[in-house]
Every structure is written in C-alpha cells, then in structure tokens.
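The values are calculated or read from the model by the stated rules, or taken from the named source; none is laboratory data. Worth saying up front: this structure is predicted, and the values here are computed from it rather than measured. As a convention, Cβ positions derive from the backbone with ideal geometry for all residues, glycine included, and neighbour counts pool all protein chains shown.
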C-alpha cells in the first residue's frame, strides 16, 4: 500500500512538474496566456511544491520506519540468543551424555585394574623375614696362655664385626681388635667357613 501511494505521488509530481515546465517554456517563448491559465499555473506550482514536500516527508518517515524495524529485528535476535543460552541444545545434551558414558567406562576400567592388582598381590608368595643368626653359645676353652675366652667356628657370611656384636649381646664385651690380637694368623678380610677363631673374654680371669 505504501509502495502504491509513493508511486502515485511520484507520478503526479512528475506530471505536474512537466506541465509547469511546459507552461514556463511557453511564457519564456513570449506566448500570450489568459489570466485563468496563469492562475492555474500558479496553483499547479503550489501543488507541485506541496507534493514534493510530502514526498520528502514520506521518504523520511519510511527511513525512520526501516531503522525502527532493523532495531526490532536486532533486539529479537539478541533476545533469541539470550533465550537459547538458558537452555541446552541437542548437541550440548549429546556431548554431556557422551562425557558421562566415557566417565563410566573409565570408572569400570579403574575398577578392573584394581581387582587385577589385588589378584596379583594375592598370588605373590610371601617371603618370610630373615631370621637373626642364632647367638653363639660361649664355649669355654682350656687356657692357651694368659688370655681366656671361647672358640668360635666361622660360618658362611660371618664377619669379625658381626661375631663381636653377637658375643656382646651374650654378655662378652669383645671388640674386633681384641679378636685380631688374639688370633695373629687370622686374615680379617678372608674368613673361611669351618675356621676356628679364639674369642677372648676379659671377664674371665
């Protein structure tokens, strides 16, 4: 409807403008015009001016309406985006469901791994703790000289330090130096299983 009105106004304005131009051309050419024609010419000129002013006002109004329509559309788009932000889309729901399923799968894998480790621990043989070597029973030997003490038979893995500590726990306060001095032919770095060593006891007098 607006397009038809605008077209009619433009057509009428053009016709009036052409008529005005023709009349003005006749005047310029020196043609004689009756008074009623001149009066009509003046009215047409006024009508053309009014139509042109109305056309300008209508164009301004149409531009304003276009701006308002654009603003309303933008507002609707923003409102639609905000409304969409409040609700999850299908893709978001699908991704959430996949994430939950993946979490469940990982949880099952962890549970299975824990059960396998428990089975391995159950099948692992338990190694009994190493027993402390038995304390040697001090055996009094006949005096071989001024010193008195005991005879100890070397076992595999023995060291003079371990032997001295074992006798110390038995109440015999003896050091490695005491053992070395009491056994001049003994090599402390090479103890042979079955070899007998004299352990001096300073408490025996």
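State the number of residues belonging to the stretch 173-185 that are crowded, with 17+ Cβ neighbours inside 10 Å and out of contact with any strand residue (DSSP E or B) (no Cβ under 7 Å at 6 or more places or on another chain). Counting residues in the stretch 173-185 that are crowded, with 17+ Cβ neighbours inside 10 Å and out of contact with any strand residue (DSSP E or B) (no Cβ under 7 Å at 6 or more places or on another chain) gives 0. For residue 185, indicate whether it is farther than 18 Å from residue 204 by Cα and in contact with a helix residue (DSSP H, G or I) (Cβ under 9 Å, 6 or more places away or on another chain). Considered against the rule, which asks whether it is farther than 18 Å from residue 204 by Cα and in contact with a helix residue (DSSP H, G or I) (Cβ under 9 Å, 6 or more places away or on another chain), residue 185 comes out as no.
Looking only at the stretch 149-165, how many residues end up being surrounded by 13 or more Cβ atoms within 10 Å (Cβ to Cβ) and touching a strand residue (DSSP E or B) at 6+ places or on another chain (Cβ under 9 Å)? Of the residues in that region, 9 qualify. Based on this model, can you work out whether residue 77 counts as surrounded by fewer than 10 Cβ atoms within 10 Å (Cβ to Cβ), assigned to a helix (DSSP H, G or I) and at pLDDT below 80? Spelling it out, it is not the case that residue 77 is surrounded by fewer than 10 Cβ atoms within 10 Å (Cβ to Cβ), assigned to a helix (DSSP H, G or I) and at pLDDT below 80.
Residue by residue, here is whether (1) in a helix (DSSP H, G or I); (2) in the same structural domain as residue 190 (by TED's automatic domain parsing); (3) modelled with pLDDT under 80 holds:
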residue: 99; (1), (2), (3): yes, no, no
residue: 105; (1), (2), (3): yes, no, no
residue: 119; (1), (2), (3): yes, no, yes
residue: 156; (1), (2), (3): no, yes, no
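Just one of the listed residues (200, 193, 188) is buried (at least 16 other Cβ atoms within 10 Å of the Cβ) and over 60 Å from the mean Cα position of the chain (by Cα), namely 200.
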